[in-house]
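These notes concern the structure reproduced below.
Each reported figure results from applying straightforward, stated rules to the coordinates on display, with no laboratory input. The structure displayed is predicted, hence computed values, not measured ones. Neighbour counts run over all protein chains shown; Cβ positions are idealised from the backbone, glycine included.
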Amino acid sequence: MPWIALAAAVAAVMVAIPLVSGQWFNRVPSNLASQTRSVAPGLVGLEAPEGRQLLFESEAHEAFFPLISHFETQKSTAHCGPASIVMVLNALAVPAPAAFGSYRLFTQDNLFDPLSEPITSDRTVARRGMALIEVARVLRAYGLSVDVRYAGESSLEEFRDSASEHLRQPAGHVMVNYSRTALGQEGPGHISPLGAYDADSDRFLILDVSRYKAPAVWVSANQLFEAMAEPIGPDAGTRGYLLIRAPAKDG
């Protein structure tokens, strides 16, 4: 996106969410910023000057503003999948149930309904989280097109090309399921959406839904792919990523 167009997009988002007053990105959104969360070595925090510059210079960032306008913090340590799903459904303006009186919005509390409960339930998620394929099935239940890619059956080049291309499209989104420890972070496996890709640095922006402990960070494509490729267990295969698009409209 040209700088003028990007500046216009930033101005539009400033109206929609409390990003900044004064110069844009002097501060990141309050729901992403915290002095208590550290950034692991090799990662770049979005709130750092370098992180803000990466976003400004990135070529593939169509997903960022719709997602940040609907940012969710997972409501429990097991709810990274539902929080990520809710962000994407709202970002794509999928018809939502009533949540606040007559106002309609997906939340982590109303996500599991007759459409999604045959796949998993809030109670089950609270006990064991969600597998990548379950996230994909819930998104499909709400009418989205989802391509599931496992790192063990993919490659770094395929991931970089397909994910960055999706992030260039207005209706394209990417979710990643990765090992936190492989990124030098606390915790086991995790799911979050990607917000952008910067080709010059070859980094993806993870909009981490566990904002109470981890900030949004830029991670190299290679490091992120290795974090997805780390085996889940002896016989459980690898983690991976989802390529998501809204269904094409008829006519």
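Some points to look at:
- Burial order of peptide ranges 112-122, 194-204 (average beta-carbon count within 10 Å, highest first): 194-204, 112-122
- Highest to lowest packing among 151-159, 130-138, scored as the average C-beta count within 10 Å: 130-138, 151-159
- Space enclosed by the convex hull of the alpha-carbon atoms of the range 40-245, per residue, Å³: 115
- Interchain or long-range residues, amide H under 5 Å from THR238's placed H: GLY152, ILE232
- Start at zero, step by 10 Å, and the Cα-Cα distances of the range 100-208 spread as 11, 39, 35, 13, 1 percent across the bins.
- Packing-based order for 52-62, 97-107, using average beta carbon neighbours within 10 Å, highest first: 52-62, 97-107
- Gain on full stretching of the segment that runs from GLU158 to LEU105 - 0.36 nm per residue minus C-alpha separation: 15.7 nm
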